[in-house]
Amino acid sequence: MLNLSEIFYSLQGESTYAGFPCIFIRLAECNLRCNYCDTTYSYETKLTYQNQQILEIVKQFEPIKLIEITGGEPLLQDEIYNLIELLNEHNYQILLETNGSISLEKIPSYVTKIVDVKTPGSGEEDSFLLENLEFIDAKKDEIKFVISDKKDYNWVKRFINKYFLLEYKIIFSTASGILNPQKLADWIVADRLPVKFQLQLHKHIWGDEIGV
């Protein structure tokens, strides 16, 4: 059984998959408490399903085959690995969004990992497991940084250089309502950083509405 917050179908609002129709499986519970968290409602369980029940729900959205497993923090529940295997058996393309504080070693290679490395502005800057860099595929997976201010931005630049991440798929996003996106865009352009600047597409379309 898995504890969930919600299952819904919408457009992917983030990552390099932004704009594509996507099914979202949002698991409940999180081990972090980021200052700018916009999904605090996921801290508590709203639904409890077996993996087969989850599969039957997502099948309702066929022919869409892109699925994101998110949270909360999805890797807190060990049953998630069986769900991943089941979805793969049914030919779903799987994205996994995780906060990087739990080992990625057991995540299958066919899963695209979107790893959110927490900055000082999150209040959780020491949460990232450095060993997880060994399990991130530079050609396929993505590393995301949510940036609150210039201090965060400079911290991220140092982090990227220290761990030789410029060849990875790097995403910069602003903490919603905290940092003006134009400022971050200007910093990236001025420094000629080879990163992807990201706006949360779903928020520009639906605002803070849940389940979209």
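The values are calculated or read from the model by the stated rules, or taken from the named source; none is laboratory data. In this text, all values refer to a predicted model and were calculated from it rather than measured experimentally. Here Cβ is always computed from backbone atoms with ideal geometry, including for glycine, and neighbour counts include all displayed protein chains. The protein model used for the area step is the full one, side chains on, heavy atoms only, and it has no ligands, DNA or RNA in it. Shrake-Rupley method; radii C 1.70, N 1.55, O 1.52, S 1.80 Å.
Filter the range 149-191 down to residues that are within 23 Å of residue 133 (Cα to Cα) and of a type in the set (S, T, N, Q), then give me how many there are.
So the count comes out to 4.
For the range 65-81, does any single residue satisfy the condition of being open to solvent by 40 Å² or more (accessible area, probe 1.4 Å), among the aromatic types (Phe, Trp, Tyr) and within 16 Å of the chain's Cα centre (by Cα)?
Scanning the range 65-81, I find no residue that is open to solvent by 40 Å² or more (accessible area, probe 1.4 Å), among the aromatic types (Phe, Trp, Tyr) and within 16 Å of the chain's Cα centre (by Cα), so the answer is no.
Here is a yes/no grid of residues against (1) open to solvent by less than 30 Å² (accessible area, probe 1.4 Å); (2) within 14 Å of the chain's Cα centre (by Cα); (3) among the β-branched types (Val, Ile, Thr):
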residue: 4; (1), (2), (3): yes, no, no
residue: 17; (1), (2), (3): no, yes, no
residue: 22; (1), (2), (3): yes, yes, no
residue: 25; (1), (2), (3): yes, yes, yes
residue: 33; (1), (2), (3): no, no, no
residue: 37; (1), (2), (3): no, yes, no
residue: 41; (1), (2), (3): no, no, no
residue: 48; (1), (2), (3): no, no, yes
residue: 53; (1), (2), (3): no, no, no
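Restricting attention to the range 137-154, and to residues there that are of a type outside the set (S, T, N, Q) and surrounded by fewer than 19 Cβ atoms within 10 Å (Cβ to Cβ), which single residue is nearest to residue 13 (Cα to Cα)?
Taking the candidates together, the pick is 140.
Go through the range 86-141 and report how many residues are touching a helix residue (DSSP H, G or I) at 6+ places or on another chain (Cβ under 9 Å), free of Cβ contacts under 8 Å to residues at least 24 places away in the same chain and either under 18 Å from residue 170 (Cα atoms) or of a type in the set (S, T, N, Q) (or both).
Of the residues in the range 86-141, 0 are touching a helix residue (DSSP H, G or I) at 6+ places or on another chain (Cβ under 9 Å), free of Cβ contacts under 8 Å to residues at least 24 places away in the same chain and either under 18 Å from residue 170 (Cα atoms) or of a type in the set (S, T, N, Q) (or both).
Of all the residues that make up the range 111-136, how many are surrounded by fewer than 13 Cβ atoms within 10 Å (Cβ to Cβ) and in a loop (DSSP other than H, G, I, E, B)?
The total comes to 1.
Kindly indicate whether residue 104 is open to solvent by less than 10 Å² (accessible area, probe 1.4 Å), in a loop (DSSP other than H, G, I, E, B) and at negative phi. Talk me through it step by step, then tell me what you get.
Details: open to solvent by less than 10 Å² (accessible area, probe 1.4 Å): yes; in a loop (DSSP other than H, G, I, E, B): yes; at negative phi: yes.
Yes; evaluated as a whole, the condition is true for this residue.
I want to confirm something. Restricting to the range 142-170 and keeping residues that are aliphatic (A, V, I, L, M), without any contact (Cβ under 8 Å) to a residue 40 or more places away in the chain and not in a helix (DSSP H, G or I), which single residue is nearest to residue 115 (Cα to Cα)?
Among residues in the range 142-170 that are aliphatic (A, V, I, L, M), without any contact (Cβ under 8 Å) to a residue 40 or more places away in the chain and not in a helix (DSSP H, G or I), the one nearest to residue 115 (Cα to Cα) is 143.
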